[in-house]
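The values are calculated or read from the model by the stated rules, or taken from the named source; none is laboratory data. This structure is a prediction, so every number in the text was calculated from the model and none was measured. FYI the Cβ positions are ideal-geometry reconstructions off the backbone, even for glycines, and counts take in every protein chain you see. Heavy atoms of the whole protein, side chains included, go into the accessibility calculation; ligands, DNA and RNA do not. Shrake-Rupley method; radii C 1.70, N 1.55, O 1.52, S 1.80 Å.
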Amino acid sequence: MSPPALSVPVQRKGESSGEDLLILSQLNKSFFGNPVLKDVSLALGRGQTLGLVGENGAGKSTLMNILGGNFQADSGTMTLMGKPYAPRNPQDASARGIAFIHQELNLFGNLSIGENLFLTAFPRHRFYWGGSIDRRSLRKRTQALLERVGLDLAPDTLVSQLSPGERQLVEIAKALSIDAQLIIFDEPTTSLTVRECEHLFRLLRQLQSSGIAAVYISHVLQDVLQMSNRIAVLRDGQVVGEGPTGNFKIDRMVSLMVGRNLSQFYPEKQVQPSRDVVLEARRLSQSGIIADISFQLHRHEILGIGGLMGSGRTELARILFGLEPCEAGTLELLGKPLRRHGPRSRIKQGLAFLSENRRDEGLCPTASIRDNMALVSLEKHVGGPLGVLRQKRLDSVLKDMAKAVGLSARSQMTGAVNQLSGGNQQKIVLAKWLLNAPAVFILDEPTRGIDVGAKYEVYRLMVNLAAAGAGVILISSEVEELMGMCDRILVMANGEIHDELCRPHFDRERFLRAALMDPIQRVTSPSVDKGLPR
Amino acid sequence: MNGRRLLLMLLNQVSWLLFASVLIVFGILSPRFLDGANLVNILIQSSSLAIVATGMTFVLLTAGVDLSVGAIMFVAAAFAGKLMLAGFSLSTALIGMMSVGLVFGAVNGFLVTRLRIVAFIVTLAMLYLGRGLGLWITQTRAMNLPESFLHLGSSRILGVPIPLLLFTGTVAVAHWILARTPFGRQLYAIGQDAEAARKAGVHTRLWLFSVYVISGLCAALGGIVSLAQLGAVSPTFGQQREFSAIAAAVLGGTSLFGGRGKVFPGTVLGAVLIQMVENGLVILNANPYLYPLITSAIIFMAVLIDCARYELMARMNRRRIR
C-alpha cells in the first residue's frame, strides 16, 4: 500500500509524516453542556505506541471511547490509514482494525476461550452438518492465537476459570483474531500480579515489533515510560504536552497533569474543626477490598478522601454506610458502636450517604420530588395513635427544605425527578438526607455531572452542614475540589490510606504521588497469582 | 476458599445426586419400582414434559421465562379436537397444533423483543389468554378424540414407542443446536450479559424472538404427545405444566438467572426425575393429597439450589482491588 499524500492537520511537533496510521484532528465532545474534550489533535504512526496520561476526568476514556466507536465526537475528524474514520458502534471500529481492551473486560465467563474469541465469527462446516460450528478448526485457530499471546491453556477452558491476567491475554488474542492494526489498552495492569504484568509487557513489545500500534493508558507512569514511543498528556480535555518518550520524565508528566489552578470558587468555611470525634474507624479490613483503615472525623470538619478510580474510596464509603460487608475493625458514631451490616440502623443513628450513582441508588427516578425528598425522614412526620402521616406539616417542611437547597422555584413538588437536570436532582438527594439532620454525611462524588452553579450550591450546603456541627466526608476524583473544600485529605491507593494532607499544607504533587504509588510496592493477593507460564 | 469451591462442585453435580437418591429411595421402598418395564414406562410417561421443558430451557438460558406453555398445550389440543371432530384428518390436526404453538410463541417473542415488556408479564398474560381461549373452544367440556390419535401414542416404529422417538429426537436436535451452532453458543452469551452480547455484534433481538418461538413449538409438540397418551382434552389439560417444565429445567442445572444449563443430560434428567417421583408415589399407593405437597417441595428445592449456586458464584467472582 502506497502511503497516501495527506495534508496533515495542525501538529504540535511536526514529527509525524505520511506514515501516520491514525490522525485525530480537532476533536470536541461535551456531555450535557460540560465540555470533556477540547480541540484534541493527535497522530500515531504504524507500529508506534502512544502513552496517554492524565488525571481522572481529564478526558482519556472519552477520547478512547470515541476512537472505539462507543461515543461520537461533536466535531472534528479522524483519519485511519488515509481514509476518513467515523465509527458509529464498536463493530465499525473492529471492522476497521481497532480493538479496545477495556478496564472491565468484555468476556463471557460461561463460554470457552475459543467461543469467546469467535463469538460472532465461528468457523463452520461448509457442506455438511448444516453449517454447525467446526469444533476442530475452532480449536486449531484458538490454539494458534493463544500461542501468539503466550497463553498455555486448552481452547476449551471456560473463561470463568481464568485469572484476571489470563483474561487480559484472551482479550488481546481477540484483538489479534480481528487482525487489529491498533489496540487500545485502558489501564491494563490494574488487576494483574507483578508476574502477569511482566508477561503482558513482553507480549506488548512483540506486538510492537510486528507492526501493531497501540494506545496505552495507565496511571502507572513508569510503565508508560517503559512501554511507549510517544507520550501525550491530557488535562481538562486538552492535550497539554505531546512528544517522543525521550522528552518526558515522571516529574514532567506529573507537573503537566497537575497544571495550574482552575478558576473555581469554593465557599469560605468559617468554623474550624473541633476536637470532638463524631465518627471513628479503627482498623477496618475486608479481604481483597480495603486493609487496615483507621481515621477520626471531627465535629465541624470536612474530611476528603481521594485516590484514583479503583483505589477503594467508594468501597470504603459503602462499608462505612453498611452497604458492603466488613470482616474486621470497629466503627463508632458519636461514641456508639455501629453494627456490622445494614444502613437502616445507621440512618437512625445519624449517618447519611450520597451515592456516586445518583440514577440507580440516589433517587427513585419516576417518583415525584416530594416523595423522593420525604423518603428518609418520613417516620418523623407521623402522629396520632395510628401513626398517620401528617401531610400538611410534611409539605411545609419539604417546601422550606426545597428553598434551603436552592431548588429552582419552577419545579413542581409533584413532578417526577427524572425530568430535572443533574444539578437539581442532586439537590433533591441532599435535601432528602438533610431533612434527617445527619451527624455525619458521607458524599461520594457529589458534583459529578452537574453544572457549575449547582456545584457551588452543593459546596455551600456542605459548608453549612459542617458549620452546624456535623462531620462531612467528601470523596472526589477532582483534586481541586478536595483541596478547595476539605480541612484534611486522606489519600487512598490499593485499598489503604497512603498519605494524609492537612489544610495549610496541601500539595498537589504530593497528593498525586501518593495516589499513583510506586509500582514496586504493588501488593497483590495470592489468590489471583496463578497460572501464567514463567 | 477451598470449601466454597467444593460446595460449588457439589451444587453443580446436584442433578445426578438427586436423580440417584430418588431412584434408590423408591427402589428400596418398592422393588416393583426398579422393574425394567416400569423404568421404560417412566421414560415414556416423561416424554411430554421433557419436550416442553426442552423449549423452556432455551428461554431460561436467555434469562427469560415462558409461563404460557401449559396454556399453549391446551389451546393446541382443543383446536386439534375440534378439527378432528369436524372430520379433518390426523395430519391436519397435527399441523394445526404446531401452528398454534408457532403463533403463540411468535406473539410472546414479539411482545418481549419489540414492545420490550417483561417476559414474565407477557407470558403470564398469554397463559390467561390461552386458558380462556381453550375453554371457549371446548365449551368447558371434555372432548374425546378418535382412535387414530390414541394410536399415535401406543404404536411403535422399529419397536420404539412414538412418544419416546419424539422425546429423543427433540432432545437430540435441541442439544445439537445449543452445543454446536453459533446461534446456540450466542444464546449463552446473551444469557450471561445481553448488553455485552449486543455490543459484541450478536443479533440479540432476533435470537430472543426465536427462543420464544422454539418454546411455543416445543409446547405444542409436548401437547401432541400428551394428547396421544390421554386420548381426551379435559378443561385441565396442560394446567400447571409451565411449573413442572421450569422445575425440570432447573433441577437439571439450568439457571433462572440465564447463561447456564444444558438440555442433555440436564433437562432430560430433571424431567425424568419429576416423572419418577410421580410414578413412585403411585406405586407406593401414597395419599393423593400428598402429591402437590411433594411437587411443590421439588420446585422449591430446585430454585433454592439454583439461588445458592448463583450466590456462591457471585461471591467467588467479587471484584478484588487489592
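What the table shows:
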item: Zone of A:Phe31's modelled label, taken as backbone nitrogen in the stretch A:471-494 under 17 Å from a point 7 Å along Cα→Cβ; result: A:476-479
item: Net dipole in debye of the protein assembly as shown [+1 Lys, Arg Cβ; -1 Asp, Glu Cβ; about Cα centre; nearest 20]; result: 740 debye
item: Surface per residue (accessible, 1.4 Å probe) for the stretch A:277-530, Å²; result: 43 Å²
item: In sequence order, calculated HN-Hα J values of the stretch B:284-298 (Karplus, 6.51, -1.76, 1.60; Hz; x Gly/Pro); result: 6, 6, 6, 4, x, 5, 6, 3, x, 5, 6, 4, 5, 4, 5
item: Residue with peak Gaussian network fluctuation, chain B [Cα springs, cutoff 10 Å], from B:Leu61, B:Leu293, B:Leu158; result: B:Leu158
item: Coil-residue trypsin sites (Lys or Arg not before Pro) of the stretch B:105-199, DSSP, other Cβ within 10 Å capped at 12; result: B:Arg114, B:Arg116, B:Arg141
item: Largest-first ordering by accessible area, 1.4 Å probe, given options A:Trp433, B:Trp136, B:Trp16; result: B:Trp136, B:Trp16, A:Trp433
item: Given charges at Cβ of Lys, Arg, Asp, Glu: the protein assembly as shown dipole, positive-most of A:Ser294, A:Ala470, A:Leu482; result: A:Ala470
item: Summed buried accessible surface, chains A and B, 1.4 Å probe, nearest 100 Å²; result: 2500 Å²
item: Normalised contact order of chain A, rounded percent, pairs of Cα under 8 Å and 6 or more residues apart; result: 15 percent
item: Kirkwood Rh, Cα atoms: Rg over Rh of the stretch A:295-383; result: 0.99
item: For A:Cys502, solvent-accessible area (1.4 Å; no DNA, RNA or ligand), Å²; result: 60 Å²
item: Farthest toward positive dipole pole in chain B [+1 Lys/Arg, -1 Asp/Glu at C-beta], among B:Phe183, B:Phe19, B:Gly132; result: B:Phe183
item: Isotropic mean projected area of the C-alpha convex hull, the stretch A:26-258 (nm²); result: 13.8 nm²
item: Mean accessible surface per residue for the stretch A:26-258, computed with a 1.4 Å probe while every protein chain stays in place, in Å²; result: 40 Å²
item: In the stretch A:71-127, trypsin sites (Lys or Arg not before Pro) in a DSSP loop with at most 10 other beta-carbon atoms within 10 Å; result: A:Arg88, A:Arg126
item: In the stretch A:327-366, trypsin sites (Lys or Arg not before Pro) in a DSSP loop with at most 13 other beta-carbon atoms within 10 Å; result: A:Arg339, A:Arg340
item: Amide H within-cut-off set for A:Gly51, under 5 Å, with H built and near neighbours excluded; result: A:Tyr216, A:Asn229, A:Arg230, A:Ile231, A:Ala232
item: DSSP beta bridges in chain A [antiparallel fraction, %, rounded to 5]; result: 55 percent
item: Magnitude of the charge dipole, chain B, Cβ model with Lys/Arg +1 and Asp/Glu -1, debye to 20; result: 1280 debye
item: Solvent-accessible area, 1.4 Å probe, carbon plus sulfur percent, for the protein assembly as shown; result: 57 percent
item: Efficiency of FRET from Cβ geometry, A:Val194 and B:Leu6, R₀ 30 Å, rounded to 0.05; result: 0.50
item: Computed helical MRE - 222 nm, the protein assembly as shown, DSSP H runs ≥ 4 contributing -39500 (n - 2.57), nearest 500; result: -14500 deg cm²/dmol
item: Amide hydrogen neighbours beyond the local backbone of A:Lys269, cut-off 5 Å, H modeled; result: none
item: Accessible surface ranking that places the most exposed of A:Cys364, A:Cys486 first, with a 1.4 angstrom probe; result: A:Cys364, A:Cys486
item: In order through the stretch A:469-474: 3J(HN,Hα) via Karplus (6.51 cos²θ - 1.76 cosθ + 1.60), integer Hz, x for Gly, Pro; result: x, 8, x, 10, 10, 10
item: A:Arg205-A:Lys140 FRET efficiency (beta carbon distance; Förster radius 22 Å; 0.05 resolution); result: 0.25
item: log₁₀ of I(q)/I(0) at q = 0.06, 0.12 Å⁻¹ - chain A, Debye sum with one point per alpha carbon; result: -0.35, -1.21
item: Accessible area in the full protein assembly, largest first, 1.4 Å probe, for A:Met373, B:Met313; result: B:Met313, A:Met373
item: Reachable lysines from A:Lys432, criterion Cα separation under 29 angstrom, eight or more residues apart if same chain; result: A:Lys269, A:Lys336, A:Lys348, A:Lys380, A:Lys392, A:Lys399, A:Lys403, A:Lys455
item: Set of aspartates and glutamates with alpha-carbon distance to A:Lys29 below 14 Å, sequence-local pairs under 8 removed; result: A:Asp39, A:Asp74, A:Asp236
item: Rg over Rh, two decimals, the stretch A:277-530 (C-alpha only, Kirkwood Rh); result: 0.99
item: Mean accessible surface per residue for the stretch B:89-234, computed with a 1.4 Å probe while every protein chain stays in place, in Å²; result: 47 Å²
item: Calculated FRET value between B:Arg205 and B:Ala179, using beta carbons and R₀ = 22 Å, to 0.05; result: 0.45
item: For the stretch B:35-316, Kirkwood radius (reciprocal of mean inverse C-alpha pair distance, Å); result: 19.0 Å
item: Among B:Ala80, B:Ala271, B:Ala232: highest mean-square fluctuation, GNM of chain B, C-alpha pairs under 10 Å; result: B:Ala232
item: In Hz, Karplus ³J(HN,Hα) per residue of the stretch A:387-401 (6.51, -1.76, 1.60; θ = phi - 60°; x = Gly, Pro); result: x, 7, 5, 7, 4, 5, 4, 4, 4, 6, 4, 4, 4, 4, 5
item: Rounded accessible area of A:Lys38 (nearest 10 Å², 1.4 Å probe); result: 70 Å²
item: In Å², nearest 10: area of B:His151 left accessible to a 1.4 Å probe; result: 110 Å²
